[in-house]
Every structure is written in structure tokens, then in C-alpha cells.
Amino acid sequence: MRIAIPAEDGGGLESNVSGHFGRAKYFVFVDVEDKEIKGYEVVEVPFEEHGPGDLPRFVKEHGGEVVLAYGMGQRAIAFFNDLGIGVVTGAYGPIKDVVKAFIEQVLEVDPYWREKIEGEKEHRGECEKH
């Protein structure tokens, strides 16, 4: 299985899951066999601006079968699902820990990620007005 995770930086398994899926500059693709991490690849997102479906196609082109992300819009989730890629939202923390917890089926996700992201958007909007 190949798991794709948007990363805060290019630090590989030591990086944290990006809080903003669509703004991640790097993805870490983790190869898992027999419930063990067998390898990983850090790939820089090849475009500055992207349209609907670009990131799901990017993940598909790199063999991603499941995406572990913090926040993601319904439209992106639908694009991934249409490509046969599973999505888990609310994942946070160091990528290595998140992948291990996912493999062991004990991944704890933040059930309030939507509210937090909406709150950030509102806060940014207020800051831009002042």
C-alpha cells in the first residue's frame, strides 16, 4: 500500500502533517508492506497554483492509494474517491507516528478539524479587513 501525506516541509517521516492540504508544498509517499514502513519518497508539489482535481491526479500519478490529511474540502475528497483513492481527514502530528497508527488501526483524528479551519478562515478574513 502507498500512503500519501501532505507535509509541512521536506523532512520526510520526521515532518508533520500539513494543516492545509491544498497549500502543502511537499507530499510524503510512504510504502507499507506487512504492516511495516518499507520506504518513503518526498515529492515537491510541481505547481504553485492548482485547480480542482490537480492534487488528486498528482497523488494518483505517484501511486497513492490512501491520503492521510488534516483538513480537506468535500470536492477534493470526491475527486480522490473518483480516482479510487481513500481519504482519512483529521490526521495530525509527525508523519511517521500517523502512518504507524494508521497501519495499526489506532489512528486518532481530530473530529473538530472543520470547525478549526473555518475559524482560521474567518480570523484571516478579519485580519485582512484591518
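Some notes on this structure:
- Of all the residues in segment 8-25, those that are farther than 17 Å from Pro56 by Cβ and surrounded by 15 or more Cβ atoms within 10 Å (Cβ to Cβ) number 7.
- Scanning segment 75-88 for any residue that is modelled with pLDDT of 95 or more, at positive phi, of a type in the set (Gly, Ala, Ser) and not in a helix (DSSP H, G or I) turns up at least one such residue.
- Residues considered: Gly51, Gly10, Gly73, Gly22. Of these, the only one that is farther than 23 Å from Glu104 by Cβ, in contact with a Phe, Trp or Tyr (Cβ under 6 Å, 6 or more places away or on another chain) and not charged (D, E, K, R) is Gly10.
The values are calculated or read from the model by the stated rules, or taken from the named source; none is laboratory data. All values reported here derive from a predicted model rather than from experimental measurement. A quick note on method: Cβ atoms are made from the backbone with ideal geometry, for glycine too, and the neighbour counts reach across all protein chains shown.
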